[in-house]
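Each reported figure results from applying straightforward, stated rules to the coordinates on display, with no laboratory input. All figures in this text were calculated on a predicted structure; none of them were measured in a lab.
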Amino acid sequence: MSEEESEDYNTAEGGACFGKVLMLINVKIIKKDLSFDLALVQWYDFCNSRQLYKYDCPWLKIINTYNFVPIESIIELVQVVQRAERQNEYFVNTFMF
């Protein structure tokens, strides 16, 4: 996502977006001798647009939006934990890293 695009969305500190990697693939175009390493990502969004954080952690829900992104664009791995006894509520564990 470009800096201009990130202004259209709620992002965590530093412009971070959160997603779950579902599949890693390598696409080769033999005629042009090109190769791409891609990840299929399902995205998270904030549960509440007014309250982005809860317990000092990003408060997320998973959404039905999928994209292929270059693996090189994945900056950091994070631990996403489901909120106990809640459907589709998650927290990014900011206390581990």
Calculate the length of the line joining the C-alpha centroid of segment 8-44 to that of segment 49-97, in whole Å.
16
Once you sort the root eigenvalues of the Cα gyration tensor of segment 11-56 as a ≥ b ≥ c, which label holds: rounded (a/c under 1.5), prolate (a/b larger than b/c) or oblate (the other case)?
prolate
